[in-house]
1. Just to be sure I understand, how many residues within segment 150-166 are farther than 19 Å from Gly75 by Cα and either crowded, with 17+ Cβ neighbours inside 10 Å or hydroxyl-bearing (Ser, Thr, Tyr) (or both)?
2. Out of Val28, Val91, Val123, report the one residue that is crowded, with 20+ Cβ neighbours inside 10 Å and modelled with pLDDT of 95 or more.
3. Would you call Arg68 basic (Lys, Arg), under 22 Å from Thr136 (Cα atoms) and outside any loop (DSSP other than H, G, I, E, B)?
4. Across segment 71-84, what is the total count of residues that are surrounded by 24 or more Cβ atoms within 10 Å (Cβ to Cβ) and assigned to a helix (DSSP H, G or I)?
5. Cβ-Cβ distance below 7 Å, separation of 6 or more or different chains: which pairs start in segment 132-146 with a residue that is at positive phi and assigned by TED's automatic domain parsing to the domain that holds Phe197 and end on one that is part of a strand (DSSP E or B) and of a type outside the set (A, V, I, L, M)?
6. Working only within segment 101-145, note down all residues that are assigned to a loop (DSSP other than H, G, I, E, B), more than 30 Å from Arg217 (Cβ to Cβ), of a type outside the set (A, V, I, L, M) and out of contact with any Ser or Thr (no Cβ under 8 Å at 6 or more places or on another chain).
7. Residues that are out of contact with any Asp or Glu (no Cβ under 6 Å at 6 or more places or on another chain) and not acidic (Asp, Glu): which strands (runs of 3 or more DSSP E) entirely in segment 158-209 hold 3 or more of them?
Amino acid sequence: MRSRTTGAWAGALAAVLAMTVAAPAPGVPDAGETVRGKATHYDLAGGLGNCSFPPGSFGDLYVALGDRDYAAAGGCGAHLDVQGPRGSVRVLVVDRCPECGPGHVDLSRAAFSQIADLQAGVVDVTYSTARDARPTDPIAVRLKEGSSQWWFSVLVMNHGTPLASVEVQDQSGRWVALERQPYNFWERADGAGPGPFTLRVTDVHGASAVIDGVALRPEVTQPTGVRLGGTGSAGGSSEAAPEPQPSPTAASRASERSSTPAEDAGRVDRPWAWLWLSGLRVLVNQTYLATGSSNG
């Protein structure tokens, strides 16, 4: 009976480990990780992607991601370096592609044409998340329609790397975390007061920026003069920490309109976590039954 108990432990533990290893965390790749996948192309035609970046706020080198990689807007604003049959291109995540599976990137026509012939339609690619992305313009913020002292919703643009958190300072000076929505706005249901507001933006690598003087002006893009690693005011200048130098592919970086993922410390939405717990529960139950049989 001892061998049966050991077998129950081993079988259940193997099932738990298999579920854990086979289900990667959602979001764009971690820095240094390369993904093999496929690319197609589409055209926003001046429309608004799921990341809610206003038309005209980014260029024509952009990408849409499938639900897992889009990660409920976790990928918005990230830059991907995509390598195809004919070359490479850097693109901005601005949209969600509902029909795309993991590893499938739906590029703008302009971006696709830099790595393959448009007539190819679908090509094999590899891609990775750019850590050295530095947008041409500093961070800008935009409050959502309906924002007031009782309901706060803000879009952060031009951050370059995936965001892990956005916080607002309340009237007591305490930092309060905002909740990211699938359309890429960061919100607080009970508001943040009448403003002006101070925000703290942090990316998945730990770089942060403090932005003062954000006005309660819904649907108005407010430039800040701030880059990640610095501080400044909305509409003013900033004192920014040194930024990494752009890579040779920086010319393809001017497109901005959609989404960002987080590293392990920032990822809390893991759809397989409940599977791990369920497997652990099976492990305990099987051991209990086996032990009870041996005692009987």
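1. Residues of segment 150-166 farther than 19 Å from Gly75 by Cα: 150-152.
Adding the requirement that they be either crowded, with 17+ Cβ neighbours inside 10 Å or hydroxyl-bearing (Ser, Thr, Tyr) (or both) leaves 152.
Residues in segment 150-166 being farther than 19 Å from Gly75 by Cα and either crowded, with 17+ Cβ neighbours inside 10 Å or hydroxyl-bearing (Ser, Thr, Tyr) (or both): 1 in total.
2. Working: Val28 fails: modelled with pLDDT of 95 or more; Val123 fails: crowded, with 20+ Cβ neighbours inside 10 Å.
The match here is Val91.
3. Numbers: basic (Lys, Arg): yes; under 22 Å from Thr136 (Cα atoms): no; outside any loop (DSSP other than H, G, I, E, B): yes.
In short, no.
4. 2
5. That search, which allows pairs on different chains as well, returns Gly146/Pro218.
6. Keep residues of segment 101-145 that are assigned to a loop (DSSP other than H, G, I, E, B), which gives 101-103, 113-117, 121-122, 130-138, 144-145.
Going one step further and asking which of them are more than 30 Å from Arg217 (Cβ to Cβ), we end up with 101-103, 113-117, 121-122, 130-132.
In the following step, the residues that additionally are of a type outside the set (A, V, I, L, M) were identified as 101-103, 113-114, 117, 121, 131-132.
Result: Gly101, Pro102, Gly103, Ser113, Asp117.
7. Numbers: elements: 163-169, 175-177, 186-188, 197-203.
Answer list for segment 158-209: 163-169, 197-203.
Table: residues versus (1) touching a strand residue (DSSP E or B) at 6+ places or on another chain (Cβ under 6 Å); (2) surrounded by fewer than 20 Cβ atoms within 10 Å (Cβ to Cβ); (3) under 21 Å from Phe53 (Cα atoms).
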position: Val168; (1), (2), (3): yes, no, yes
position: Trp175; (1), (2), (3): yes, yes, no
position: Asp190; (1), (2), (3): no, yes, no
position: Pro196; (1), (2), (3): yes, yes, no
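The values are calculated or read from the model by the stated rules, or taken from the named source; none is laboratory data. Keep in mind the model is a prediction, meaning the values are calculated, not measured. Positions of Cβ are backbone-derived with ideal geometry, glycine not excepted, and every protein chain shown enters the neighbour counts.
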